[in-house]
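In what follows, a single structure is set out as structure tokens and then discussed.
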Amino acid sequence: EVQLVESGGGLVQPGRSLRLSCIASGFTFGDYAMSWVRQAPGKGLEWISFIRNKLHDETTEYAASVEGRFTVSRDDSTNIAYLQMNSLKTDDTGVYYCARAKRGCDAGNCFRDASDIWGRGTLVTVSS
Amino acid sequence: EIVLTQSPGTLSLSPGERATLSCRTSQSVASFYIAWYQQRPGQAPRLLFYAASHRATGVPDRFSGSGSGTDFTLTISRLEPEDFAVYYCQQYGSSYSFGQGTKLEI
């Protein structure tokens, strides 16, 4: 079964750090780009980061709201994507989802794409 | 940044009726880069359409997607009870962005 499972969420004070993990199974993780999307309580979806695969130098993109504070990375040997979140703010509170880009990456391209597989999310609460 | 505006914010209909949801982009987006998602309460989003009109695996054919340029539409021909949820459009042609969502309620 193709699956993504997030972990690492919890309660953290403003200004502190947290690292989220997303474990992939059921597909060749190294062939796909991955995204992180968050959802504040009662609000809509907000895309926050994207990482291409190793063949494409694991290049990354970030939303302006997290650029410089969050870092996305991946370890294809363990099928895990990470989101390192530093200098957390109360506005960062929400459920964080990882998601797979539908099209796989090939030798020539690793495009942004719609997300066809999503994890169930992990809740991050930033509060003093 | 490309801004997506969905309308209406809330759509109140009954099972069996037709639903039409709109997504307008702040600048022209190739239809190849438009997706629609469904999110039921307490669940992760589910991909419905990619490239504006290509139905994802397992999506019933009562759902259809269309549009071009700056105007895109998700249509549900005959609403089933399980279709009442929140729907989001997304563009992935220039970075990523989501619309604010349309809540489809009974």
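Values in this text are rule-based calculations from the coordinates and carry no lab data. Remember, it's a predicted structure, so these values are computed and weren't measured experimentally. Here the Cβ positions follow ideal geometry from the backbone for every residue, glycine too, while neighbour counts run over all protein chains shown.
The Cβ shell under 14 Å around B:R46 holds other residues with a net charge of +2, Lys and Arg each +1, Asp and Glu each -1. Return the percentage of antiparallel bridges among DSSP beta bridges fully within chain A, rounded to the nearest 5 %. Just about 95 percent of them are antiparallel. Computed 3J(HN,Hα) for segment A:86-97, one whole-Hz value per residue from the Karplus formula 6.51 cos²θ - 1.76 cosθ + 1.60 where θ = phi - 60°, is 10, 6, 5, 10, 4, 5, 7, 4, x, 8, 10, 10, glycine and proline marked x. Give the residue from A:A114, A:N79, A:S21 lying farthest towards the positive end of the charge dipole for segment A:1-118; charges sit on Cβ (+1 for Lys and Arg, -1 for Asp and Glu) and the dipole is referred to the Cα centre. Of A:A114, A:N79, A:S21, it is A:S21.
Multiplying the residue separation of A:T78 and A:D57 by 0.36 nm and removing their Cα-Cα distance gives an extension gain of 5.8 nm. The GluC sites (Glu not before Pro) of segment A:21-112 that meet both conditions, a loop assignment by DSSP and at most 14 other Cβ atoms within 10 Å of the site Cβ, are A:E67.
Within the protein assembly as shown, DSSP assigns beta bridges of which about 90% are antiparallel (rounded to the nearest 5). GNM remark for chain B: springs join alpha carbons under 10 Å apart, and the peak mean-square fluctuation among B:L13, B:L74, B:L21 falls on B:L13. Between A:V2 and A:A107, the C-beta separation translates, for a Förster distance of 25 Å, into a calculated FRET efficiency of about 0.65.
Largest mean-square fluctuation among B:S77, B:S64, B:S22, in a Gaussian network model of chain B whose springs join Cα atoms under 10 Å apart, belongs to B:S77. Evaluated with a Cβ-only charge set (Lys, Arg +1; Asp, Glu -1), the protein assembly as shown carries a dipole of roughly 260 debye about its Cα centre, given to the nearest 20. Spin-label model, B:R55/A:E67: points 7 Å from Cα along the beta carbon direction are separated by 4.0 nm.
A Förster radius of 22 Å combined with the Cβ-Cβ distance from B:R18 to B:E82 puts the calculated FRET efficiency at roughly 0.85.
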